[in-house]
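K.L.:
Can you read through this structure? Questions will come right after.
The values are calculated or read from the model by the stated rules, or taken from the named source; none is laboratory data. Please read all numbers here as calculations on a predicted model, not as lab measurements. When we count neighbours, we look across all protein chains shown, and the Cβ atoms used for this are built from the backbone with ideal geometry, even at glycine.
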Amino acid sequence: MEHSTQNVLRTSPPRPLTDDERRLLDDWVQAAQGFTAFISERRTDEPAIYRRIVISVRATRQHLYLIHAAAEPACLIMLCIATGEYAGRFPTLRAVLDYIEPVALPERRPVPPQLDKHPAVPRPQPVKPARAARRLGIVGWVCALAIMLVVARWLSRGNGIEYDSRNAEAVAEKLVQDRTGDPGGTQFRNVMAYMNGPANERWVCGWFFTKNAAGESSGPKRFVVHVLLADRGSSGDVQGHLLMSETEVPSISYAWENYCR
């Protein structure tokens with residue numbers, strides 16, 4: 001289940017919440033006693049929570065859960081913010097909120113749209129055969145051109161395993177493990193590659209945890225890796241530059257703000 005959930009988080013970006021879901025969340029925040037919530041919609045928010053629902057403890061404002069509204073498949077996935085672990089998958093937002101804290105919510109009736117009793121229907125104009133043929137010809141050329149562009153873009157992507165963001169993420173994690181000196185004790189959360197610049201350039205951003213000699217976990221700490229993939233069909237090496245502090249060029253804050261989105 002955790003593997004399939006990670007696939008959903010990678011392949012299905014969070015969809016916008018509907019108006020009914022937003023009203024439901026507002027009602028739940030007002031009625032809940034122990035928790036509160038907000039929707040992360042600021043561009044300056046961390047990529048891990050952007051466009052997702054954040055559940056917090058009302059008394060301390062400590063963030064506990066992250067709710068990801070997936071479009072395909074249509075579901076809502078809840079994650080633990082502290083560990084990044086999978087906490088559950090739910091069919092509706094109401095089911096997620098009832099799982100966290102069930103409350104009695106006011107029943108809202110949908111407002112029917114105001115329709116004109118006598119809408120003006122334009123009278124269709126007859127189309128001459130020659131003009132209709134020209135229109136069909138233009139539509140055919142446009143459809144053919146669109147298909148060619150889609151096929152060309154698909155072919156330009158190359159091998160989906162050797163030349164894409166997953167390869168860049170593997171390179172980034174290897175650099176972080178080499179820097180920490182403990183490959184077996186380094187754990188990663190919310191690692192994602194972003195394409196900014198040429199086709200072979202990736203910016204991999206994420207969080208990692210390490211363990212000390214006593215086995216105690218330390219973190220999370222964020223990192224950014226600038227990865228240059230090898231050209232398609234070549235045997236060249238993949239190059240990566242790790243950023244973990246403010247003294248590096250560019251600083252991790254600058255890279256996180258400008259390339260991790």
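K.L.:
Is it true that some residue in the stretch 248-260 is surrounded by fewer than 17 Cβ atoms within 10 Å (Cβ to Cβ) and over 25 Å from the mean Cα position of the chain (by Cα)?
P.N.:
yes
K.L.:
Hey, does the stretch 177-190 have a residue that's farther than 29 Å from Pro13 by Cα and either touching a helix residue (DSSP H, G or I) at 6+ places or on another chain (Cβ under 8 Å) or modelled with pLDDT under 60 (or both)?
P.N.:
For the stretch 177-190, residues farther than 29 Å from Pro13 by Cα and either touching a helix residue (DSSP H, G or I) at 6+ places or on another chain (Cβ under 8 Å) or modelled with pLDDT under 60 (or both): present.
K.L.:
List the pairs whose first member sits in the stretch 153-181 and is under 28 Å from Ser245 (Cβ atoms) and not assigned by TED's automatic domain parsing to the domain that holds Arg202, whose second member is in a helix (DSSP H, G or I) and modelled with pLDDT of 60 or more, and whose Cβ atoms are under 7 Å apart, counting only residues at least 6 apart or on separate chains?
P.N.:
Filtered contacts from the stretch 153-181: no entries.
K.L.:
Can you report the number of residues in the stretch 175-212 which are outside any strand (DSSP E or B) and touching a Leu at 6+ places or on another chain (Cβ under 8 Å)?
P.N.:
As a first pass, look at the stretch 175-212 and keep what is outside any strand (DSSP E or B): 175-186, 195-200, 212.
Retained after the next criterion (residues that are touching a Leu at 6+ places or on another chain (Cβ under 8 Å)): 175-176, 179, 200.
The qualifying residues number 4.
K.L.:
Where in the stretch 1-112 are there helices (runs of 4 or more DSSP H), lying fully within it, with 2 or more residues that are surrounded by 13 or more Cβ atoms within 10 Å (Cβ to Cβ), modelled with pLDDT of 85 or more and out of contact with any Cys (no Cβ under 6 Å at 6 or more places or on another chain)? Steps first, please.
P.N.:
Working: elements: 2-11, 19-31, 93-100.
Output list reads 19-31, 93-100.
K.L.:
Kindly indicate whether any position in the stretch 202-217 is within 22 Å of the chain's Cα centre (by Cα), modelled with pLDDT under 85 and of a type outside the set (Lys, Arg).
P.N.:
Checking the stretch 202-217: not a single residue is within 22 Å of the chain's Cα centre (by Cα), modelled with pLDDT under 85 and of a type outside the set (Lys, Arg).
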